[in-house]
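Student: Can you keep this structure in mind? I'll have questions shortly.
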Amino acid sequence: MILCYVYRSSVKDGLYVYLSDEDGLNDLPAPVLKQLGDPELAMTLNLATRASLGHEDIAVVRKNLETKGFHIQMPKSIEHLVEKAAHEASKPSQ
């Protein structure tokens, strides 16, 4: 059984944090904690029995939980902006 605890942000609509430890909120980086506000436990999932997740790649979630102890699901409304900024930052300067 691979339990995962999903917390919903009280500050940013659509922001969720998946944790491998139910008490792992205090181990999150400070900027993530700030964006969560007063997080609410949204659900507990058994990732061992799931083949997919609604909005996230389950393989990426599992890997992040194993290596970092957490996975961040950003609001879809800003996800494209983050990807664009990362792409722009990787372009060589002219």
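The values are calculated or read from the model by the stated rules, or taken from the named source; none is laboratory data. In this text the structure is predicted, and so the values were computed from the model without any measurement. Don't worry about glycine lacking a Cβ; one is built from the backbone with ideal geometry, like all the others, and counts go over all protein chains shown.
Student: Being part of a helix (DSSP H, G or I) and touching a strand residue (DSSP E or B) at 6+ places or on another chain (Cβ under 7 Å) is the filter; apply it to region 26-53 and report the residue that is farthest from Met74 (Cα to Cα).
Tutor: So, considering only residues that are part of a helix (DSSP H, G or I) and touching a strand residue (DSSP E or B) at 6+ places or on another chain (Cβ under 7 Å), the one farthest from Met74 (Cα to Cα) is Leu47.
Student: Among the residues of region 36-46, write down those that are surrounded by fewer than 17 Cβ atoms within 10 Å (Cβ to Cβ) and not charged (D, E, K, R).
Tutor: Gly37, Leu41, Ala42, Met43, Thr44, Asn46
Student: Ok, one more. Could you check region 6-23 and list, in sequence order, the residues that are surrounded by 17 or more Cβ atoms within 10 Å (Cβ to Cβ) and more than 11 Å from the chain's Cα centre (by Cα)?
Tutor: Passing the criteria: only Ser20.
Student: Take region 47-57 and flag every residue that is surrounded by 15 or more Cβ atoms within 10 Å (Cβ to Cβ) and out of contact with any Cys (no Cβ under 6 Å at 6 or more places or on another chain).
Tutor: Leu53, Glu56, listed by residue number.
Student: Could you list, ordered by first residue, the pairs with Cβ atoms under 7 Å in which the first is in region 22-35 and farther than 21 Å from Ile2 by Cβ and the second is surrounded by 11 or more Cβ atoms within 10 Å (Cβ to Cβ) and basic (Lys, Arg), at least 6 apart or interchain?
Tutor: Listed by first residue and then by second, the contacts come to Gln35/Lys12.
Student: Pairs only if they're at least six apart or on different chains, beta carbon under 7 angstrom, first in region 52-74 and without any contact (Cβ under 8 Å) to a residue 40 or more places away in the chain, second among the basic types (Lys, Arg); list them, first residue then second.
Tutor: Ile58/Arg50
Student: Another question about this same structure. Checking Asn26 against (1) modelled with pLDDT of 95 or more; (2) of a type outside the set (A, V, I, L, M, F, W, C); (3) surrounded by fewer than 10 Cβ atoms within 10 Å (Cβ to Cβ), only one condition comes out false. Which one?
Tutor: (1)
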